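All remarks here apply to the structure that follows.
The values are calculated or read from the model by the stated rules, or taken from the named source; none is laboratory data. The structure presented is a predicted model; accordingly, all values stated were derived computationally and were not measured. We place every Cβ from the backbone using ideal geometry, glycine too, and count neighbours over all the protein chains shown.
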């Protein structure tokens, strides 16, 4: 199957496309999800300096925005969860950054763990991804990867620190 690779023109043709493609980061030729996660890091670093409750509220609003943007963009691309749609990684990693300590080592560990869980998709992530469609499905499976990330980091902190 040939998968359509969106262009910059597509990204800028509708606000939903621009959001779903992570402001264009999803146009990366390789590892767009990793680039989407990386794009969240400076935003998360900046927001984490403020109130955690406010940051969680922002994440909730961005999640809802992503349900709309990824749903519409997936329809326009003819594929529910096209690899160029990276808003899901962006928002889920913001959630992780809202919770983990602000030290670089913790955030790097969070980045590596999140990418691992997002790529490998251990149960029930893959099961959920296959059964939940549309914008909500695109966004929600990455929340599960974020939950795994936070769980692993909490266990690591408990065992080693």
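Points worth noting:
- Exclusive hit being more than 16 Å from the chain's Cα centre (by Cα), in a helix (DSSP H, G or I) and farther than 23 Å from residue 145 by Cα, set 9, 50: 9
- Flag for residue 114 being assigned to a helix (DSSP H, G or I), surrounded by 24 or more Cβ atoms within 10 Å (Cβ to Cβ) and either modelled with pLDDT of 95 or more or more than 13 Å from the chain's Cα centre (by Cα) (or both): yes
- Residue in region 154-161 that is in contact with a helix residue (DSSP H, G or I) (Cβ under 7 Å, 6 or more places away or on another chain) and either touching a residue at least 24 places away in the same chain (Cβ under 8 Å) or part of a helix (DSSP H, G or I) (or both) present: no
- Tally of residues being free of Cβ contacts under 8 Å to residues at least 60 places away in the same chain and either part of a helix (DSSP H, G or I) or farther than 22 Å from residue 118 by Cβ (or both) across region 28-37: 3
- Residues of region 56-96 that are over 27 Å from residue 107 (Cα atoms), part of a helix (DSSP H, G or I), in contact with a helix residue (DSSP H, G or I) (Cβ under 6 Å, 6 or more places away or on another chain) and free of Cβ contacts under 8 Å to residues at least 60 places away in the same chain: 73 alone.
- Condition met for residue 25 (out of contact with any strand residue (DSSP E or B) (no Cβ under 7 Å at 6 or more places or on another chain), without any contact (Cβ under 8 Å) to a residue 60 or more places away in the chain and in a helix (DSSP H, G or I)): no
- Residue count for region 97-110, restricted to those that are over 14 Å from residue 49 (Cα atoms) and either touching a helix residue (DSSP H, G or I) at 6+ places or on another chain (Cβ under 9 Å) or not in a helix (DSSP H, G or I) (or both): 3
- Residue in region 46-64 that is under 14 Å from residue 18 (Cα atoms) and either surrounded by fewer than 21 Cβ atoms within 10 Å (Cβ to Cβ) or out of contact with any strand residue (DSSP E or B) (no Cβ under 9 Å at 6 or more places or on another chain) (or both) present: yes
- Of all the numbered requirements in (1) modelled with pLDDT under 95; (2) under 15 Å from residue 86 (Cα atoms), residue 145 misses one, and that requirement is (1).
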